[in-house]
Structure formats: C-alpha cells, structure tokens
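*Asks:* Before I ask anything, here is the structure I am working with.
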Amino acid sequence: MGGGGGGAFTPRTDDQLDLVPAGADAAVAIGSGCIAAASVAPFLMCVDRAVTAAAAGQTSSVWRGIVDNVSEFVRQPHRALRQPALWMVAGVYAGTYAAANLSDVVGERAHASANSKAAGKFTATTGANMLGGIAKDAAFARMFGAPAAGAAAGLIVPFASYGLFATRDALTVGGAFFLPGALSNALVASGQSKDESTASAVAQLVSPPLMQVVCTPMHLLALNMVNAPVATLAQRVAALKVSTPPALVARSLRMLPAYGIGGILNTTLSARGRDAARRKFLPSAEDLKAVKERLGRRGGAAAAKLADAKGRKAIASIGVAARRGIVEKTKGSEFNPTDDTGDVPFTLRTGTGGGGGGGAGSSAGTTTPDPKVPRSLCSCSDLTRASRSSSARSLATCG
C-alpha cells in the first residue's frame, strides 16, 4: 500500500501471531492513523477551505485564502484549533489511515492471499475515505461555499455533486495507495533508481499529485453545481477554465502531506508500534541474551528452556528488565560458581536507579518490588510451571 503505511508492513510470523494479541496490533493501527492525520490536518484544512471559498467567489484567489487560513493558526491558534473544519479533515484521514492499517492486521491474522489482502485494503480505504471525504466536502460547501452571506442555510448539495466527490475519492485513493507500487517497480526496472527504498519514497510522493490532473476538475465541477445550481454547461466549463489552474497546483501540493508525508509518518509509527508490541509480548534473541548475561549460566539456560513454554511473556519482561539494569546476579551464577545452593538465581533491585548502581538486592526468598519491574516479574507461576523445577530452582523470587 502506498499512502497509508502498507509499503513497509512486515507480516508477523505464526509464533508472533500466537503471542501478540490482536487487540495490541489493532490499537497500534488506529493510534498510528490518528497521530499521522492530526499532524497533517492543519495544512489540509487550509487548502480545502481556500479552494471551496475561491470556487464560490468568497475570496480573491486560492492563494489568498490559504494565506488567510494559515495566518489564523499563527495569530489565533487557540481559535484555529477549535474550529470544526480542522477536525473534520483530521477525521477523514484518521479513518483512511486506520482503515488501511487495520486491513493489514486483519489480512495477516486471517492468513489471506495477496489478492484478497489487496482487495480488502482497497475496499476498506476507499470506503473510509469516500464516506468521510464526501461528508466533509458537503459540509465545507455549506460552510464556506455559499455565494452570499445568509445563503448557506438554504444551500443544497445535489446528488450529482455527491457522485463526483465519490469518483474523485476512488481515483485519489487508487493513486495514493496502489499507483506508488507500480511506479516504484517501473523506476527500479528502468534503472532510474537502484535503491528500492528510494524508489518507493519517490513514487509515494509523486503519485498522489499526478492524480489531481483528473481529480481537481471533478472536485471543482461538484462545487460549481452547489454554488450555481442553474448554470448552463457552457457557464460551468468557463468557470472551470478560470478556477482549475490555481486549484490544481494547490490540491497537488495538498497531496504531499495528505498521502506523502502523512502516509510515511503513518508507516513509520505503525512499524515502530508493532515492533514495540512484539517486544512486549514475545522475547527476542536480544531479550534472551540480556537474561543470560544478567542471570548467569544457570538462569540463562533455564530462560532458554522457557522459550517454547508459557513463560515466554515473562521472559520478555525479564529481558526488558535486565536491559534496564533492574535484574542482577546472585547465588548460583557464574560470579560465584562454588555456590551450588541454587536458592536464588536472581533478585530484583530495591533501588530506583538503573544501570550498574542501585540499591541492595533482597535477601534469599524475599524481595521488595521495584516500581520499574514489569508486572509479569511479580507473577512467577508461569515461570515455575514452565521450568517444572522445584521452588528452590525457580527463575524468580517474588515478594
């Protein structure tokens, strides 16, 4: 997927799907989309509002309208951030990005084929973008497109305008989410770019603006039907000739943050969020290495044996705790190989500091919980059951 974050989507392995809850991936998908949308919404709203007002003759030009709208954010940010128009735009793109992300999550957990995933993604993103975009543009036409003060209350958006908005959105989503892949492959195949990541980034930035050559006239025609419901075909064509050039440039630039910058941000946030979820619920080689280094040979070996048992989630937390300096070696470790009592393979520091310092360890059999210690470290039944050893040889001693 181009704009919404599928280009860098890395499917989880079956092992990861078993241990990482679907709810965690869904939360990342929705959160990433909302943050990305909120980041680009101010500029998008400024352009949309200016184009709508210019098409209705409410401002001298599109550029004058954009400058006025941006100035409002600078001079009166508290007022600009509270206006409904801003959050209408944010809602449209939050829904679009989140739908794209969620379609990836559903597809991988349903083990769908590549064609099914692509079809599902197109349906989800187009549906979300269409529903939100049409509702937003109809509202903008009423709010900013009335040809005269006081006429907004009686302004009617005809069905033909809704149809043009829908067609425009279908083409826009196709250009933003699917054209980049084909263009990226073409750039690599032609030798214009030898780096696939660079070709993908260029294609994602260029594809959405290119689609505006077709989409912008549709958008302006839909607005013209709202602002001049009884105009003749010749009058509409004449109006489009005047309004299309500046609107085309403005809406092409608008696509850069909407599906370029916003899409890349959504991709990055989604990838990092998914990786954070994996690290939380599934131990990596780095986690197990940290356990071995901190707990010594005996603890590390026991931890490795738990890699396929129910204690894996707790081991992941142990790895995180070890990297934070919360876990330290005690009896039975490589620091004291002559001590074979094995009663406390490791303890948890009672001090609040991390790293090599910290407070003293607990006495054998007890420990004072550290506020930084993950909860799973204070619930060791899984570890004990998984290791199937006596309580004297369990991996953890909990207070």
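*Asks:* Just checking, does region 121-130 include any residue being modelled with pLDDT of 90 or more, among the aromatic types (Phe, Trp, Tyr) and assigned to a helix (DSSP H, G or I)?
*Replies:* no
*Asks:* Under 8 Å between Cβ atoms, which residue pairs at least 6 apart in sequence (or on different chains) link something in region 270-289 that is farther than 14 Å from residue 15 by Cα and hydrophobic (A, V, I, L, M, F, W, C) with a partner that is modelled with pLDDT of 90 or more and open to solvent by less than 60 Å² (accessible area, probe 1.4 Å)?
*Replies:* 276/28
*Asks:* Run down 279, 274, 254 and say which single residue is within 30 Å of the chain's Cα centre (by Cα), of a type in the set (Lys, Arg), open to solvent by less than 40 Å² (accessible area, probe 1.4 Å) and more than 30 Å from residue 135 (Cα to Cα). Explain how you work it out, then say what you get.
*Replies:* Details: 279 fails: open to solvent by less than 40 Å² (accessible area, probe 1.4 Å); 254 fails: more than 30 Å from residue 135 (Cα to Cα).
Exactly one residue qualifies, and that residue is 274.
*Asks:* For the list (1) more than 22 Å from residue 134 (Cα to Cα); (2) surrounded by 19 or more Cβ atoms within 10 Å (Cβ to Cβ), I need the number of the one condition that residue 235 fails.
*Replies:* Exception for residue 235: condition (2).
*Asks:* Just to verify a result, which residue in region 15-61, among those that are free of Cβ contacts under 8 Å to residues at least 60 places away in the same chain and either over 15 Å from the mean Cα position of the chain (by Cα) or crowded, with 21+ Cβ neighbours inside 10 Å (or both), is nearest to residue 282 (Cα to Cα)?
*Replies:* Here the answer is 18.
*Asks:* Please tell me if residue 66 is out of contact with any Asp or Glu (no Cβ under 7 Å at 6 or more places or on another chain), among the hydrophobic types (A, V, I, L, M, F, W, C) and open to solvent by 60 Å² or more (accessible area, probe 1.4 Å). First the steps, then the outcome.
*Replies:* Details: out of contact with any Asp or Glu (no Cβ under 7 Å at 6 or more places or on another chain): yes; among the hydrophobic types (A, V, I, L, M, F, W, C): yes; open to solvent by 60 Å² or more (accessible area, probe 1.4 Å): no.
No: the conditions fail for residue 66.
*Asks:* Something else about it: Residue 92 - would you say it is in a helix (DSSP H, G or I) and touching a Pro at 6+ places or on another chain (Cβ under 9 Å)?
*Replies:* On the way: in a helix (DSSP H, G or I): yes; touching a Pro at 6+ places or on another chain (Cβ under 9 Å): no.
When the stated conditions are applied, residue 92 does not pass them.
*Asks:* With the condition kept exactly as written, say whether any residue in region 114-125 is under 20 Å from residue 158 (Cα atoms) and surrounded by fewer than 18 Cβ atoms within 10 Å (Cβ to Cβ). So that I can check it myself, show each step before the final result.
*Replies:* To start, the set of residues in region 114-125 that are under 20 Å from residue 158 (Cα atoms) comprises none.
Taking every residue of region 114-125 in turn, none turns out to be under 20 Å from residue 158 (Cα atoms) and surrounded by fewer than 18 Cβ atoms within 10 Å (Cβ to Cβ).
*Asks:* Name the residue, out of 216, 244, 172, 198, that is among the hydroxyl-bearing types (Ser, Thr, Tyr), assigned to a helix (DSSP H, G or I) and open to solvent by 40 Å² or more (accessible area, probe 1.4 Å).
*Replies:* Working: 216 fails: open to solvent by 40 Å² or more (accessible area, probe 1.4 Å); 244 fails: open to solvent by 40 Å² or more (accessible area, probe 1.4 Å); 172 fails: open to solvent by 40 Å² or more (accessible area, probe 1.4 Å).
The conditions single out 198.
*Asks:* Further question: Could you tell me which numbered condition residue 140 fails, if it satisfies all but one of (1) out of contact with any Ser or Thr (no Cβ under 9 Å at 6 or more places or on another chain); (2) at pLDDT 85 or above?
*Replies:* (1)
*Asks:* Any residue at all in region 71-86 that's under 18 Å from residue 257 (Cβ atoms), open to solvent by 60 Å² or more (accessible area, probe 1.4 Å) and within 31 Å of the chain's Cα centre (by Cα)?
*Replies:* Yes, there is a match, as at least one residue in region 71-86 is under 18 Å from residue 257 (Cβ atoms), open to solvent by 60 Å² or more (accessible area, probe 1.4 Å) and within 31 Å of the chain's Cα centre (by Cα).
*Asks:* Then there is this: I'm checking my understanding of the structure. Among residues of region 193-213 that are of a type in the set (A, V, I, L, M, F, W, C) and in contact with a helix residue (DSSP H, G or I) (Cβ under 6 Å, 6 or more places away or on another chain), which one is farthest from residue 160 (Cα to Cα)? Working first, answer last.
*Replies:* Within region 193-213, the subset of a type in the set (A, V, I, L, M, F, W, C) is 199, 201-203, 205-206, 210-211, 213.
Among the residues that remain, those that are also in contact with a helix residue (DSSP H, G or I) (Cβ under 6 Å, 6 or more places away or on another chain) are: 199, 203, 205, 211.
Numbers: 199: 38, 203: 32, 205: 31, 211: 21 Å.
Among them, the one singled out is 199.
The values are calculated or read from the model by the stated rules, or taken from the named source; none is laboratory data. What you are looking at is a predicted structure, and each value in this text was computed from that prediction instead of being measured. Quick reminder, even Gly has a Cβ in these numbers, built from the backbone with ideal geometry, and neighbours come from all protein chains shown. Heads up: the accessible areas ignore ligands, DNA and RNA and are worked out on the full protein's heavy atoms, side chains in. Shrake-Rupley method; radii C 1.70, N 1.55, O 1.52, S 1.80 Å.
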